[in-house]
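Read the structure below first, then the notes.
The values are calculated or read from the model by the stated rules, or taken from the named source; none is laboratory data. In this text the structure is predicted, and so the values were computed from the model without any measurement. With ideal geometry, Cβ positions are generated from the backbone for all residues, glycine too; neighbour counts draw on all protein chains shown. Surface accessibility is based on the protein's heavy atoms, side chains included, excluding ligands, DNA and RNA. Shrake-Rupley method; radii C 1.70, N 1.55, O 1.52, S 1.80 Å.
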Amino acid sequence: LDTRDGLSNSSVNDLFQDSKGVIWIGTAYGLNRYDGYRFHTFYSDPNDTTSLRNNYVDMIWEDIDGRLWLRQCMNYCIFDPKTESTVRNPSSELAKIGITGGIDRIYIDAQKNLWVKNYDDGLYCYNPKTKQKTLVKYGYDEDQFPKDFWFSSFAEYNGLLIVASSNGELMGIDGRKGRVIWKDYYMKRS
């Protein structure tokens, strides 16, 4: 499938299958929904505050309510497939669960836990099923991470969130306990 079939742009940044089986494609120009037969594309419209924040979509996650959290360059928004509308600034949604401050990174894991690294406090883990929130604070203790630790990628393993930094450090983080469980500097040293 490509632009001749209706894909908005051939530069594909992310493919995501939601809980209903629909394929979402984040491109350099638009968010595409593919239902197995045809594409429907969503764009930014400066005159419509319920449209996408901009047209570049590089990451897609689904929350427990079926909404899509999109990373658009250095910003985030929340797209609701039911209403086909967007919350351009997720800070208001995060404030409802007690997470405030400027958003650095967001990730939603396989259990639908919402992970939010902000600039002020550290890394929050919010479990939407139990409504529990934990915080891994910035710091230099073994169960913390330094404020300048920049997350370059995420993975999951054995119930832990695995984060890699831009300089090669790896950390395993337990969201239930709100602490760093282990750190590995092998790639950094190598």
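Based on every Cα atom in the range 79-160, Rg and the maximum pairwise Cα distance Dmax equal 13.6, 45 Å.
Only Lys, Arg, Asp and Glu carry charge here, each on its Cβ (+1 for the first two, -1 for the last two); on that basis the range 51-190 has a dipole of about 180 debye about its Cα centre.
Extension gain, Thr100 to Lys20: 0.36 nm times the residue separation minus the Cα-Cα distance gives 25.7 nm. Computed over the chain, the per-residue total of -39500 (n - 2.57) for DSSP H runs of n ≥ 4 gives a 222 nm mean residue ellipticity of -1000 deg cm²/dmol, rounded to 500.
Taking the protein heavy atoms of the chain in the context of the full set of protein chains, the accessible area attributed to carbon and sulfur is 48 percent at 1.4 Å.
Using a 1.4 angstrom probe, figure out how much accessible area the chain has per residue, in square angstrom, rounded to the nearest whole.
54
What is the Cα centroid distance between the range 58-98 and the range 114-190, reported in whole angstrom? About 21 Å separates the Cα centre of the range 58-98 from the one of the range 114-190.
Under the combined filter of DSSP loop state and at most 16 neighbouring Cβ atoms within 10 Å, the range 130-174 retains these chymotrypsin sites (Phe, Trp or Tyr not before Pro): Tyr140, Trp150. Computed from the C-beta positions of Asn75 and Arg189, the FRET efficiency with R₀ = 41 Å rounds to 0.75.
Normalised radius of gyration (Cα atoms, divided by 2.2 N^0.38 Å) for the range 14-141: 1.08. Of the whole protein surface, Lys133 contributes about 80 Å² of accessible area at a 1.4 Å probe radius. Within the full protein context, the accessible area of Ser92 is estimated at about 70 Å² for a probe radius of 1.4 Å. For the peptides 94-101, 178-185, residues were scored by their other Cβ atoms within 10 Å and the scores averaged per peptide; the highest-first order is 178-185, 94-101.
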